[in-house]
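Report on one structure; see the data block that follows.
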Amino acid sequence: MRRIWFVKNKLPGPGGIEFIAAVASLALAIIFHPGSANAQSMEPRAYSNAPVGMNFLILGYAYQQGDVLLDPSVPVKDVSAKVHTAVLAYARSLDVFGKSGKIDIVVPYAWLSASGTANEVSQSRDVSGFADPAVRFSVNLYGAPALSFEEFKNYRQNTIFGVSLLVTAPLGQYDPDKLANIGTNRWSFKPEVGISQAWGRWTLEAIAAVTLFTNNDNFFGGKTREQDPMYSLQGHLIYNFQSGIWGALDATYYTGGSTTIDGVKGDDLQRNWRLGATLAVPVDLHNSIKFYGSRGVQTRAGGDFDLVGIAWQYRWGGGL
C-alpha cells in the first residue's frame, strides 16, 4: 500500500502506476550478456518512451553455462564454459528533434572458465578482464514524442517505431595466443529497427537487426579473421501488471556470421533459436530490479547455453 500512496500523492492524474512501470522499464533493456552485439541478445522494451533528461545507472550480474564463448564464432568444438559477468551501465533519455531518444553506455567485466577442443587438441583456460564496451544510440521515429516529466504523466503508448545503432569497441581483454578470450579485438556495428504495439496491458514487440564486423588482424598467432554479417529477429510478448511489475516472454532467431581465417572459409554458419523470460519489479520511483534468463533451443553453431541474470537500476533527473 505504501507504493500506491506514493503514486497518488506524487503523480496525480491518470496512469500513476503505469507511469511507474514505464519509467522503470527504459534502461533495464540495455543489460545484455557479453557478446550480445551479435544477435544473441534479447531486449524487451528497448524502444520504451521516458521523460526527457532522465538518467539511469544500472548494475547487473549474469551467469552463463554451456557451449558458450564471449565470441561465439571462435573455432573451438565441444565447448564447456562458465562465465560470470558484472555490468556497469549508464543511460540518458534525449530529445532528438522532437522525438524521444536514448544513449546507453555499457562496460562489462567477465570471469571466464572454458575447456574445448581446437585442432583435435584439448585445451582449457581461466581468465578475467573487461569485455568490449558498447555504446548505443536509439530514437523513436513514430509514436513516442519527446516529453517533459509533467507531459509524460498523460502519455499512453499505441504504436512505436524506432531505430538504433549499437557499437562495440575492441577494448576488452584479448590474447592473440589464446582462442578463448573475453574481448574480440575488432569493432562491431549493429543497426536495428523495432516496432512496439500496445493493447491495454499487453505489448507485442518485433525487432530486426544486422551486425557488421571489422576484421580481427591478430587472431590466434597473427592470422586474419573475417566474419560475415549476422542477421537477427527478436520477438517479445509483454504484460504490464496493475502493481507496476511487468513480465515478458522473449525469443530470438539469428543466422549468418560465417568466418574466414586467412582466406579459408569455416563451417560455422550460425542458425540458432533462443527463448527467454524477463521480470521487472519497480521498488519505488527511483529503483527497479530485473530478473531474466534464456536458453538455446535449436543450435547449429555456438549459442547452446543457459543464461540467468539480475540487474538493479537507479534513475534520477528529468523532473523526477
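The values are calculated or read from the model by the stated rules, or taken from the named source; none is laboratory data. Quick caveat, the model's predicted, so the values are computed rather than measured. All Cβ positions, even for glycine, are placed from backbone atoms using ideal geometry, and neighbour counts span all protein chains on display.
Has segment 249-256 got any residue that is surrounded by fewer than 19 Cβ atoms within 10 Å (Cβ to Cβ), among the hydrophobic types (A, V, I, L, M, F, W, C) and outside any loop (DSSP other than H, G, I, E, B)?
Residues of segment 249-256 surrounded by fewer than 19 Cβ atoms within 10 Å (Cβ to Cβ): 249, 251, 253, 255-256.
With the extra rule that they be among the hydrophobic types (A, V, I, L, M, F, W, C), the set shrinks to 249, 251.
Those still in the list that are outside any loop (DSSP other than H, G, I, E, B) too: 249, 251.
Checked segment 249-256: at least one residue is surrounded by fewer than 19 Cβ atoms within 10 Å (Cβ to Cβ), among the hydrophobic types (A, V, I, L, M, F, W, C) and outside any loop (DSSP other than H, G, I, E, B).
Scan segment 274-295 residue by residue and report those that are in contact (Cβ under 8 Å) with a residue 24 or more places away in the chain and more than 16 Å from the chain's Cα centre (by Cα).
Val281, Pro282, Asp284, Leu285, His286, Asn287, Ser288
List the strands (runs of 3 or more DSSP E) that sit entirely inside segment 127-241 and contain at least 3 residues that are surrounded by fewer than 19 Cβ atoms within 10 Å (Cβ to Cβ) and among the β-branched types (Val, Ile, Thr).
Values: elements: 134-142, 159-168, 188-199, 202-213, 216-219, 223-227, 230-240.
Strands (runs of 3 or more DSSP E) meeting the threshold: 159-168.
Suppose we keep only residues that are among the charged types (D, E, K, R) and surrounded by fewer than 15 Cβ atoms within 10 Å (Cβ to Cβ) within segment 97-126. Which one would you say is farthest from Asn181 (Cα to Cα)?
Let us first name the residues in segment 97-126 that are among the charged types (D, E, K, R), namely 99, 102, 104, 120, 125-126.
Add one more test, that the residue is surrounded by fewer than 15 Cβ atoms within 10 Å (Cβ to Cβ), and what stays is 120, 126.
Working: Glu120: 19, Asp126: 9 Å.
Across segment 97-126, the extreme among qualifying residues is Glu120.
Just give me the residues in segment 257-272 being part of a strand (DSSP E or B) and either modelled with pLDDT of 95 or more or among the charged types (D, E, K, R) (or both), in sequence order. Spell out how you get there, then give the answer.
Taking segment 257-272 and keeping what is part of a strand (DSSP E or B), we get 259-261, 264-265, 270-272.
Passing the criteria: Lys265, Arg271.
Determine whether Gly309 is in a strand (DSSP E or B), buried (at least 16 other Cβ atoms within 10 Å of the Cβ), touching a Lys or Arg at 6+ places or on another chain (Cβ under 6 Å) and not hydrophobic (A, V, I, L, M, F, W, C). Step through it out loud before you land on a result.
Details: in a strand (DSSP E or B): yes; buried (at least 16 other Cβ atoms within 10 Å of the Cβ): yes; touching a Lys or Arg at 6+ places or on another chain (Cβ under 6 Å): no; not hydrophobic (A, V, I, L, M, F, W, C): yes.
Spelling it out, it is not the case that Gly309 is in a strand (DSSP E or B), buried (at least 16 other Cβ atoms within 10 Å of the Cβ), touching a Lys or Arg at 6+ places or on another chain (Cβ under 6 Å) and not hydrophobic (A, V, I, L, M, F, W, C).
Would you confirm, using the coordinates I've provided, whether Ala280 is under 29 Å from Ala81 (Cα atoms), in a strand (DSSP E or B) and either basic (Lys, Arg) or touching a helix residue (DSSP H, G or I) at 6+ places or on another chain (Cβ under 7 Å) (or both)? Even if it seems obvious, please write down each step before you answer.
Working: under 29 Å from Ala81 (Cα atoms): yes; in a strand (DSSP E or B): yes; either basic (Lys, Arg) or touching a helix residue (DSSP H, G or I) at 6+ places or on another chain (Cβ under 7 Å) (or both): yes.
In short, yes.
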